[in-house]
Amino acid sequence: MKKTLLIISFLAASFSSVTAATLIADNGDSGFTLADGATALSSGRVRFGIFVVSDSLVISNASNLSYLDTNFREVASYSGAFNGFALPGFFEQNLTYAGGSTLYGGTQYDLSSASTSNVANDIAGSKIYMWALDNAVVANATQQAIFFDNGNVWTDSDTVGVQDSFFSTAGAVALVGSLGTGADIGANAPSHRLATVAAIPEPSRAVLGLLGLGALFFRRRRA
Amino acid sequence: MKRTSSFFYFATLAFASLSSVASAQNLPVSRTAGVIDVSIPNNQTSLVSIPLVNIVASGTITSVSGSTLGISATLTGSISTAALPHAIKITSRDDQRGAGANAPAGSSTSAYGQTSQITANATGAGTSTVTTTAALTPNVGDEFVIFELETLATLFGAPPGAGWNSASSAGSADLVYLDNAGVLTAYFYRSSGAGSLGWKLATAASGAAVNNTVIPPNRGVYVQRRAGGSAFVLRSTGVALPGREQASVVAGFSIMNNPFTVSTTLVASGIQDSLSKGSGAGSSDIIYLENAGVLTGYFFKGSGAGGTGWRLTTAASGADQGGIVLTPGKAILYQERQGTAGFALPEPFAE
């Protein structure tokens with residue numbers, strides 16, 4: 001009995017560990033423009049986290065915001081004006097988040113307590129994904145970009161002395177949207193472009209459409 | 001302490017030799033002068049110390065008034081400018097009374113090994129004084145040296161030289177960490193993008209350049225280099241600081257400079273005398289040493305089963321680690337965790 005209590009106590013201590021950290025992120029190398037490649041993104045939302053599905057599924061479901069949202073584990077985000085560096089289209093954010101055993105949508109930040117080992121199924125050590133939207137509400141967004149940082153990962157909570165994570169669009173890879181294909185909006189370099197979210201039919205309209213097609217087919221057979 | 005042209009290198013050496021001779025006139029032996037190249041490889045973390053400095057004045061303390069010290073040397077200009085900061089180090093204790101159970105009657109203060117940045121100074125023969133950031137506690141007659149401090153710009157260059165990864169963002173640039181109140185603060189060199197360029201706080205890429213950020217006395221730097229670029233070499237020239245390093249620390253992390261030019265071991269270093277020593281890593285202060293980019297933690301086991309001595313933080317009951325070498329050019333990442341905050345690094349083979 002005593003041993004059981006000790007184990008429970010140890011587990012409680014382990015899983016209650018939360019480490020505060022900062023995500024330091026900006027797009028000062030290029031800035032964001034809308035899909036036209038010329039208009040600076042003046043406001044919206046940038047979400048930072050990981051996707052729990054493959055990159056190919058993210059790309060193939062780019063028009064399904066609900067699917068993307070369901071499979072995204074947001075660690076930190078910013079909503080509001082994009083006016084970092086006193087220029088429209090830019091953001092510069094230091095976002096505080098909790099590391100350690102904190103859960104994000106059911107995914108634990110760091111499963112390797114007291115170790116910097118990179119284990120599967122947690123956030124620490126995973127690529128940092130940035131999901132930029134032209135609206136603070138995901139469902140209302142009409143344009144978006146999804147990049148991951150090819151040089152930085154979410155920092156392990158047990159890294160000695162340093163807990164901060166870094167995201168840079170300068171070393172990013174684009175899954176949705178494009179890198180360096182827009183106009184120069186102040187960075188002395190081409191901007192990164194968001195992509196238009198393709199419209200997908202609402203379920204009720206899709207059902208009606210199918211019924212219509214069925215009726216047409218039935219009528220042609222009878223004729 | 002930065003690498004530029006060969007002309008600069010030889011000029012520095014010549015100047016260092018001259019100042020060394022001049023300042024050594026009050027010493028029974030010449031100071032240790034030389035050149036040490038400190039390599040900072042890309043794609044890894046390095047703990048970097050500044051082993052050699054440029055000593056510009058030395059002598060004895062003539063008066064103590066709070067944080068203002070009268071000195072026997074004659075200063076001729078400001079030594080507290082933002083671009084060229086200086087520090088004073090107390091290198092002896094003239095009056096030994098009052099220290100320890102066997103000391104003779106009387107009292108004196110001990111500031112031996114204490115160092116502080118100079119914030120103001122007065123000039124002239126017999127009237128020179130320095131005012132320091134922290135109030136040191138020397139006795140009249142204690143010896144001192146005044147030396148140049150490094151800044152981000154003087155240590156790494158502004159812009160940094162070949163091999164360094166400068167970028168528009170902290171997310172893709174090499175990072176230099178300094179400790180500040182127990183927390184490591186990152187800086188990077190911003191070389192492109194919207195806004196101004198220069199050394200920036202990682203958390204303020206759009207902020208003002210902070211090229212003159214001082215590497216504080218007693219402190220080294222923690223460098224996190226990215227995959228690009230190539231090995232970066234800091235060439236440290238000048239003379240070795242005399243006396244022990246007696247540093248102020250607070251709870252958390254401090255990047256302690258190793259100012260000595262000879263290797264020593266953990267057990268011979270005497271560091272353990274200023275640490276809190278428990279039966280395990282959880283109840284002890286910890287030092288981290290870097291080797292090939294890997295930080296390894298050690299603590300001094302002061303009690304409990306398995307004897308006493310230096311141990312790996314991951315193996316309290318493991319083998320003694322007293323033979324681990326403290327390498328010149330490598331700083332020590334110190335984590336103050338327990339007991340009274342303090343850190344001292346005695347001068348190897350001299351104390």
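The values are calculated or read from the model by the stated rules, or taken from the named source; none is laboratory data. Computed from a predicted model, the values in this text were never measured in an experiment. Note: ideal-geometry Cβ built from the backbone for every residue, glycine included; neighbour counts use all protein chains shown. For the accessible areas, the whole protein counts, side chains as well, though only heavy atoms, and no ligand, DNA or RNA atoms are used. Shrake-Rupley method; radii C 1.70, N 1.55, O 1.52, S 1.80 Å.
Brief remarks on what is shown
- In region B:271-278 there is at least one residue that is touching a helix residue (DSSP H, G or I) at 6+ places or on another chain (Cβ under 8 Å) and of a type in the set (Ser, Thr, Tyr).
- Any hit, region B:57-70, residues being closer than 24 Å to B:ALA153 by Cβ and in contact (Cβ under 8 Å) with a residue 40 or more places away in the chain: yes
- Taking the criterion of being open to solvent by 20 Å² or more (accessible area, probe 1.4 Å) and aromatic (Phe, Trp, Tyr), the only residue of region A:52-74 that qualifies is A:TYR67.
- Members of region A:178-197 found to be farther than 16 Å from A:ASP26 by Cα, open to solvent by 30 Å² or more (accessible area, probe 1.4 Å) and either in a loop (DSSP other than H, G, I, E, B) or within 7 Å of chain B (Cβ to nearest Cβ) (or both), listed by number: A:THR181, A:ALA183, A:ASP184
- Which listed residue is assigned to a loop (DSSP other than H, G, I, E, B), modelled with pLDDT under 90 and more than 20 Å from the chain's Cα centre (by Cα), from B:GLY323, B:GLY306: B:GLY306
- All positions within region A:115-162 that are β-branched (Val, Ile, Thr) and either within 19 Å of A:ALA20 (Cβ to Cβ) or outside any strand (DSSP E or B) (or both): A:THR116, A:VAL119, A:ILE123, A:ILE128, A:VAL137, A:VAL138, A:THR142, A:VAL153, A:THR155, A:THR159, A:VAL160, A:VAL162
- Cβ-Cβ contacts under 7 Å between residues 6 or more apart (or on different chains), taken from a first residue in region A:163-176 that is closer than 16 Å to B:SER168 by Cα to a second residue that is part of a strand (DSSP E or B) and acidic (Asp, Glu), are listed as A:PHE167/A:ASP149; A:SER168/A:ASP149; A:GLY171/A:ASP149; A:ALA172/A:ASP149.
- Qualifying residue in region B:253-266 (condition: part of a loop (DSSP other than H, G, I, E, B), of a type outside the set (S, T, N, Q) and modelled with pLDDT of 90 or more): no
- Out of B:THR129, B:THR137, B:THR133, B:THR123, sole residue that is surrounded by fewer than 21 Cβ atoms within 10 Å (Cβ to Cβ), out of contact with any Cys (no Cβ under 7 Å at 6 or more places or on another chain) and under 27 Å from B:GLY207 (Cβ atoms): B:THR133
- Region A:167-177 - residue that is of a type in the set (A, V, I, L, M) and either part of a loop (DSSP other than H, G, I, E, B) or open to solvent by 30 Å² or more (accessible area, probe 1.4 Å) (or both) and, of those, farthest from the other protein chains (Cβ to nearest Cβ): A:ALA174
- Going through (1) modelled with pLDDT under 95; (2) away from every other protein chain (no Cβ under 14 Å); (3) closer than 26 Å to B:ALA111 by Cα; (4) surrounded by 15 or more Cβ atoms within 10 Å (Cβ to Cβ) one by one, B:PHE300 falls short only on (1).
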